[in-house]
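Every number in this text was worked out from the coordinates using simple rules, so none of it is lab data. Just so you know, these numbers come straight off a predicted model, no measurement behind them. Heads up, the Cβs are rebuilt from the backbone with ideal geometry, glycines too, and the neighbour counts pull from every protein chain shown.
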Amino acid sequence: MRSDGELNEALTQALPALREEFEALLRDLVQIPTVSMDPAHAEDVRRGARRAAEILQACGAQAEVVDTPGYPVVFGQLQGDPAWPTVAIYNHLDVQPAEEPEWRFAPFAFHRDGDRYLGRGTTDDKGPALTALLAARFAHQQGIPLNVQFLWELEEEIGSPHFAHFVRARRAALTCQSVLVSDTVWLSRTRPAVPYGLRGLLALTLRLQTAAKDCHSGLTGGAARNPVGELAQLITQCYDARSGRVKIKGFYDDVRRLRRAELANFLASGFSLAAFKRAHGLYRLRTRSVAETVQALWSRPTFEVHGISGGYHGPGVKTIVPAAAEAKLSMRLVPDQDPERIFALVRDFVRQCHPEVEVRQAGALRPYLGSFEGFYAEAVRAALRFGFGRSPAFIREGGSIGAVVTLAEELRVPVVFLGLSLPEHGYHAPNEYFDWGQASGGLKAFVKYFALLAERGTAVPRRSPTP
């Protein structure tokens, strides 16, 4: 096995050519608007899958586009000796819509600005996916004895509804001893972050109709019911908007207590309230306490109102009483909360408070909790030190990745996170970008991680594939 010095020298010499290739491939992928939640882009999503398979094949991997009842999954394999250990790398290639007026450039026309790569999907998650691919190919060319499988999904942004179908269909081929996920965000450019847990998600809508049509408030106001106002009142019965505290009885019953060691890690992460507000454009937070904020973000459930629609939305004020209203809500869930149980609690509470309101579930994901101790945690720590010269903080992440729960439950192997994105990169936001500093450091970190997996080799018990 090569020493760190030899690996670093080989990577340093290879980086100029790798950068040129990385930029060309990222340009290809970003220019395909793989917006999974918009049916108008259905063919673009499938075109993105075909192009991704071609990229894998050009890098020496076997690749196929695996159909599901929804959008496909791209499955690649960079194989050496079957006796070598195998790692699977998960990324997603679908992206969020890009319709916000704040975009300063065309979101699906790749732009380079110095060391920055601008465009929808650059950081979430096409840039990290290509970084992992080029690192795996480099490791293979350097003789690192490791097989790598690539799982590139195209439905992550809509909750991975058919990813489990893919995993079960290809169960016998998924012979990995661990999974590596690169779809998470650091705390800051100076502090890498490695999540070991993800919050789950429950999304739902509340709908109320009180009339057959909108009415003139001068003719009906005071007598007619207002569904927008009634939904707003109902929402305030569900939670306290100022504190975020949910009022529904039983909502917090199953929340797992945070261990002292976990909170100590959170506080040792270097999390900065000022940097957090600056990165996300926030004026004020619900608290000025770092301890309260990190727990609110990483280990406590949430209740959020994403929008209320109904009535008039044009310029000026049109004095109507709306006929119907709808509210879009979600809850981020934590271990050991079950989405179905929480949905039942919310549904029953709404029925008790306002029996006419229709409650519909719009998606659910279970939370995930792994470990920040043991071989894989130490390997990620060493990899990030090698790639970026800094040790990471081990935290939980506030977001959700449906595929992680599926992989952990179906494959029953460790799931490890090695993300590269930064808060300022603009996950899900206008003017998204990625940068070469994160990509080049990521290339080094991935290669070191692969070398450590290979070095461990046969010390890891091989899992027999099951149909």
*Excluding residue 58 itself, what net charge comes from residues whose Cβ is under 11 Å from its Cβ, given Lys and Arg +1 and Asp and Glu -1?*
-1
*In nm², what is the average projected area of the convex hull enclosing the Cα atoms of the chain?*
23.6 nm²
*Roughly how compact is the stretch 193-311, stated as its Cα Rg over 2.2 N^0.38 Å to two decimals?*
1.45
_Normalised per residue, the volume of the convex hull around the Cα set of the stretch 259-380 (Å³)_ = 193 Å³
*Thinking of the stretch 12-143 as a set of Cα atoms, what percent of all their pairs are more than 22 Å apart?*
39 percent
*asked:* Bins of 10 Å, beginning at zero and ending with the bin holding the largest distance: percent of Cα pairs per bin for the stretch 64-133, please.
replied: 15, 37, 29, 15, 4, 0
*Cα lying deepest toward the dipole's positive end in the chain, options 195, 169, 143, charges on Cβ*: 195
*Set the Förster distance to 60 Å, then compute FRET efficiency between residue 351 and residue 24 from the Cβ-Cβ distance, nearest 0.05.*
0.60
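What full-extension length gain, to one decimal in nm, is calculated for residue 112 and residue 328 as 0.36 nm per residue of separation minus the Cα-Cα distance?
Fully extending the segment from residue 112 to residue 328 adds 74.1 nm.
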*Theoretical FRET efficiency, 1/(1+(r/R0)^6), r = Cβ-Cβ of residue 267 and residue 241, R0 25 Å, to 0.05*: 0.40
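Determine, for 276, 271, the number of other Cβ atoms within 10 Å of each Cβ, and report the residues in order from fewest to most. Intermediate results must be reported in sequence, preceding the final value.
Values: 276 18, 271 21.
Neighbour counts put them in this order, fewest first: 276, 271.
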_Residues of type aspartates and glutamates that residue 249 reaches as a straight line, Cα spacing below 18 Å, ignoring anything fewer than 8 places off in the same chain_ = 240, 304, 336, 338, 340, 348
*Counting helices only, and only those DSSP H runs with n ≥ 4, report the 222 nm mean residue ellipticity of the chain as the sum of -39,500 (n - 2.57) divided by its residues, in deg cm²/dmol to the nearest 500.*
-11500 deg cm²/dmol
_Expected output is a single nm value to one decimal: the length gained when fully extending between residue 304 and residue 369, i.e. 0.36 nm times separation in residues minus the C-alpha distance. What is it?_
21.2 nm
*Dipole magnitude (debye, nearest 20) for the stretch 247-334, charges at Cβ of Lys, Arg, Asp, Glu*: 260 debye
*Say the cut-off is 27 Å between C-alpha atoms; which of 213/328; 126/328; 247/328 go over it?*
126/328
_List the residues, sorted by chain then number, that are 5 or more residues from residue 92 or on another chain and whose placed amide H is less than 5 Å from its amide H._
153
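Find the Cα radius of gyration of the stretch 109-167, compare it with 2.2 N^0.38 Å by division, and give the number to two decimals.
1.44
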*Beyond 24 Å, what share of the Cα-Cα pairs of the stretch 326-467 remains, rounded to the nearest whole percent?*
52 percent
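Under a point-charge model restricted to the Cβ atoms of Lys and Arg (+1) and Asp and Glu (-1), what is the dipole moment magnitude of the chain relative to its Cα centre, in debye to the nearest 20?
Working: 54 positive and 51 negative charges, 271 e Å.
Its charge dipole is roughly 1300 debye.
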*asked:* For a quick size check, give me the Cα extents of the stretch 228-273 along its three principal axes, largest first, whole Å.
replied: 44, 27, 11
*Per residue convex hull volume, Cα atoms of the stretch 295-352, in Å³*: 121 Å³
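Sort 280, 354, 425 so the one with the fewest other Cβ atoms within 10 Å of its own Cβ comes first.
280, 354, 425
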*Quotient of Cα Rg and 2.2 N^0.38 Å for the stretch 30-85, N being how many residues it contains*: 1.33
*asked:* Taking 0.36 nm per residue of sequence separation and subtracting the Cα-Cα distance, how much length would be gained by fully extending the chain between residue 14 and residue 278, in nm to one decimal?
replied: 91.5 nm
_Spread of Cα-to-Cα distances over 5 Å intervals beginning at zero, given as percent, for the stretch 128-248_ = 2, 6, 10, 12, 12, 11, 9, 8, 7, 7, 6, 5, 3, 2, 1, 0, 0
*asked:* If I fit a long axis through the Cα atoms of helix 436-456 and take the longest principal axis of the Cα atoms of the chain, what angle between them do I get, 0 to 90°, rounded to 10?
replied: 60 degrees
*If you wrap a convex hull around the Cα atoms of the stretch 270-324, how much volume per residue is inside, in Å³?*
139 Å³
